[in-house]
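What follows is a short report on a single structure.
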Amino acid sequence: MVDQTSELAERIVRFLDANHVVSLATAGSLGPHAASLFYVRDGFGLVWVSDPNSRHSRDLEADARVSATVAPDTSDYALIRGAQIHGTAHRVTDLDERGRLLALLVQRYSFLAKPKDAPAKMASAFDSAAVYRLEPARVVLIDNSLGFGHKDTLALSD
């Protein structure tokens, strides 16, 4: 297990907190698939809500192994920064844990605080959404400002 107070761990946490969209890659019976999702960080885990019938959610039911990336948009190669995340993801079914994670999402995204005030379609989607959590085994932090293709790897499990 990694020392979660290490300098690299702190850089990863700051990077993940500064961004909001993860591109989640799954594989299922229809082949590889990627989906962009709002997330909140919980430890090194990433949490999101999604329709349990969406392709990526169905893929997770069949195979929990995932890859994900988080990266801000830039047109300058020297400013490219990103996180490559490898691990497993699952639907959170424990009601207490689901409630705790939903509260984290609402805290980060104020528009979720009052889904009843949102357009009817969004409120309905949020009410029926499932909560998912990505548990990283490895996070690679890419930072071209430290040199082209510079990578630092944090292994979170053996």
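The values are calculated or read from the model by the stated rules, or taken from the named source; none is laboratory data. Quick caveat, the model's predicted, so the values are computed rather than measured. Virtual Cβ from ideal backbone geometry, glycine too; neighbours counted across all protein chains shown. Just so you know, the surface numbers come from the protein's heavy atoms only, side chains and all, with ligands and any DNA or RNA stripped out. Shrake-Rupley method; radii C 1.70, N 1.55, O 1.52, S 1.80 Å.
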Complete set of residues in region 78-112 that are open to solvent by 40 Å² or more (accessible area, probe 1.4 Å) and outside any helix (DSSP H, G or I)
Ile80, Arg81, Gln84, His86, Thr88, His90, Arg91, Thr93, Asp94
Do we find that Asp143 is open to solvent by less than 60 Å² (accessible area, probe 1.4 Å) and either modelled with pLDDT of 95 or more or under 20 Å from Ser23 (Cα atoms) (or both) in this structure?
yes
Just one of (1) surrounded by 14 or more Cβ atoms within 10 Å (Cβ to Cβ); (2) under 16 Å from the mean Cα position of the chain (by Cα) trips up Arg11, so point out which.
(2)
It is to be established whether one or more residues within region 24-33 are within 22 Å of Ser128 (Cα to Cα) and within 13 Å of the chain's Cα centre (by Cα).
yes
Applying the selection to region 1-43, what residues are in a loop (DSSP other than H, G, I, E, B) and farther than 18 Å from Asp143 by Cβ?
Met1, Val2, Asp3, Gln4, Thr5, His20, Ser29, Leu30, Tyr39, Gly43
For the subset of region 45-77 comprising residues that are of a type in the set (Ser, Thr, Tyr) and modelled with pLDDT of 95 or more, which member is most open to solvent (accessible area, probe 1.4 Å)?
Thr69
Pro52: farther than 20 Å from Asp17 by Cα, in a strand (DSSP E or B) and not hydroxyl-bearing (Ser, Thr, Tyr), yes or no?
no
